[in-house]
Amino acid sequence: MIRAENLTKYYGTVKAVENLNMEVPDGTILGFLGPNGAGKTTTMRMLTGYTTPTKGRAIIEGLDILKEPLRAKKLIGYLPEIPPLYPELKVSSFLNFVAEVKGLHGKRKKQEVERVISQAGLEKVALRRIRNLSKGYRQRVGIAQALLGEPKVLILDEPTIGLDPKEIVDIRNLIKSLGGERTIVLSTHILQEVTSVCDSIAIINEGRLIEFGKIEEVQEKYGSASLEEIYISAISRGGEA
Amino acid sequence: MRNMWAIAKKELKIYFSSPTAYIVISLFLLLAGFMYYVIISNFSLLSIRAGNNPYFSSHLSLNQSVYIPFFSNAAVVLLLLLPILTMRLFAEEKRQRTEELLFTLPLTNTQIIIGKYLAAVVVLIIMLVATAPYVFYPFFITKPELAPVLTGYLGLFLLGASFISFGLFASSLTENQIVAAVFSFAILLLLWLIYWLTYVTSFMGGFLRFISFFGHFDNLSKGVVDTADLAYYVSFTLVGLFLTYAVLEVRRWWR
């Protein structure tokens, strides 16, 4: 379970996120929506402990990310907006490095690295240097890295960006298959992705959470409107607030 | 411990899969080798001339005329090259946005800092060990004193380790590698030469001499092991690592 309590982030006097409260139950796949600059990335960075909130707390599986960072971070797989890759390293050495830091060693490490390589479809490029990979492959290495160690919580910032249509379908199916046992938060601009992968949505605008809940429940509230209509209406309403 | 080593291993892999480590190591060997060649050739010319002057030849010492000048020249080369080695350590993580991974993995800042520090120290050790064949070669021909040569190496190592710790700090301040290298080079040079002030003023003379690299290294290259010098290098290194830690902690609030 992921819980955000009054999460607030100011950069100087600029407000990025304000009093964000939400509780994402176990096994949820949450689609995190909002215009560019609405605070999606900042929120995800606070949930993963990269950014320290100005106010409020982020709690992962009952652990406060600031008070027990090591135990909480062990439970999170995180794909940032820009996949964090060392261009000089080979795909396999990069994944081995992340696996070691996540506490996997020996045979377990080998099995885990092999598992994520096949899940993300990286067999062909495992021994290539990351510098020489296409954008789609880089994105997939970023996803593979997040899956290492079977974390209970996955936080994915625009996971399908830069992928070709076939890759998008593969990654969506992968994310879907991971749901149920894991809690997943993924941000995206593609509403179709939310309908096909997620069971819940959160809409954020100008740093405030505007809608949050199971997709059907939110749709009911708007009189069974389509996701697109809900998004537009929520954003324009949020803009006035 | 394992996590520190994982970081160090990653940094070493990057060092040796990009030109950085090869360039730093080979340029160090080129410059140090050149200096050694000139110094020892000069020494052999001197000894030939001294051949028919027993008084002069009894005062010729390999330690005095070769090893001491060699070690202080090699120290200058380290000052020049180690900032190149350390400049990428944090700056590049920032520029490539890999720090978003580094700081969300289950790692403490201390593990990250020590891991990166160790990687650069390993390269420093390779640099120093690679000079051993020619530095120890005269031991097959004649009998110089061994102890001052070993303390000279100890001095180079401690000096280099201090440079690395300061370079790591410089790298944590910026995402521009060039800025990191120039900053650490300039400040280290200033710290080296700050004892010059004692020529023009008596104000805080003892303190200035103490914080300057110069005197501490001199003692070791002459074979004098003083705990004050060792404490100086150890504290300098710890201060550098601590400053890096402080920068990482403060930056957490700003990203």
### Message
Given the criterion closer than 25 Å to A:ARG140 by Cβ and either assigned to a loop (DSSP other than H, G, I, E, B) or of a type in the set (S, T, N, Q) (or both), identify the matching residue among A:GLY77, A:GLY31, A:GLY49.
### Response
A:GLY49
### Query
Restricting to helices (runs of 4 or more DSSP H) lying wholly in region B:1-87: which have 3 or more residues that are buried (at least 17 other Cβ atoms within 10 Å of the Cβ)?
B:2-17, B:19-49, B:68-86
### Query
Looking at (1) under 19 Å from B:MET35 (Cα atoms); (2) buried (at least 20 other Cβ atoms within 10 Å of the Cβ), can you tell me which one B:TYR134 breaks?
(2)
### Message
Just to check your reading of the model, which residue among B:PRO133, B:PRO148 is touching a helix residue (DSSP H, G or I) at 6+ places or on another chain (Cβ under 6 Å) and away from every other protein chain (no Cβ under 14 Å)?
### Response
B:PRO148
### Members of region A:24-55 found to be touching a helix residue (DSSP H, G or I) at 6+ places or on another chain (Cβ under 9 Å) and within 14 Å of chain B (Cβ to nearest Cβ), listed by number
A:ARG45, A:THR48, A:GLY49, A:TYR50, A:THR51, A:THR52, A:PRO53
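Condition test on B:THR131, is it touching a Leu at 6+ places or on another chain (Cβ under 8 Å), of a type in the set (Val, Ile, Thr) and within 17 Å of B:LEU188 (Cβ to Cβ)? Spell out how you get there, then give the answer.
Values: touching a Leu at 6+ places or on another chain (Cβ under 8 Å): yes; of a type in the set (Val, Ile, Thr): yes; within 17 Å of B:LEU188 (Cβ to Cβ): no.
Judged against the criteria, B:THR131 is not a match.
Here is a yes/no grid of residues against (1) in contact with a Pro (Cβ under 7 Å, 6 or more places away or on another chain); (2) without any contact (Cβ under 8 Å) to a residue 40 or more places away in the chain; (3) closer than 19 Å to B:VAL121 by Cβ:
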| site | (1), (2), (3) |
| --- | --- |
| B:SER162 | no, no, yes |
| B:SER165 | no, no, yes |
| B:GLU175 | no, no, no |
| B:THR198 | no, yes, no |
| B:ALA246 | no, yes, no |
### Message
Considering only residues that are farther than 13 Å from B:PHE103 by Cα, within 14 Å of chain B (Cβ to nearest Cβ) and within 16 Å of the chain's Cα centre (by Cα), which ones fall in region A:56-77?
### Response
A:ALA58, A:ILE60, A:GLU61, A:LEU75
### Task
State all residues of region B:15-64 that are within 14 Å of chain A (Cβ to nearest Cβ) and in contact with a Phe, Trp or Tyr (Cβ under 7 Å, 6 or more places away or on another chain); if no residue qualifies, say none.
B:ALA21
### Task
Go through the residues of region A:109-116 one by one and say whether even a single one is crowded, with 16+ Cβ neighbours inside 10 Å and at the interface with chain B (Cβ under 8 Å from one of its Cβ atoms).
no
### Query
Taking region B:78-113, which residues are within 14 Å of chain A (Cβ to nearest Cβ) and of a type in the set (Val, Ile, Thr)?
B:THR98, B:THR104, B:THR108, B:THR110, B:ILE112
### Task
Tell me the helices (runs of 4 or more DSSP H) entirely within region A:177-241 that contain at least 3 residues that are more than 29 Å from A:PRO165 (Cα to Cα), in contact (Cβ under 8 Å) with a residue 12 or more places away in the chain and out of contact with any Ser or Thr (no Cβ under 6 Å at 6 or more places or on another chain).
A:227-240
### Message
For the structure I just gave you, tell me whether B:THR151 is part of a helix (DSSP H, G or I) and within 21 Å of B:PHE214 (Cα to Cα).
### Response
yes
### Message
Quick check on B:ALA119: is it under 21 Å from the mean Cα position of the chain (by Cα), in a helix (DSSP H, G or I), within 14 Å of chain A (Cβ to nearest Cβ) and in contact (Cβ under 8 Å) with a residue 24 or more places away in the chain?
### Response
yes
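Here, each number is a calculation from the coordinates, and none is a lab measurement. The structure presented is a predicted model; accordingly, all values stated were derived computationally and were not measured. Reconstructed Cβ throughout: ideal geometry from the backbone, glycine too, with neighbour counts over all protein chains shown.
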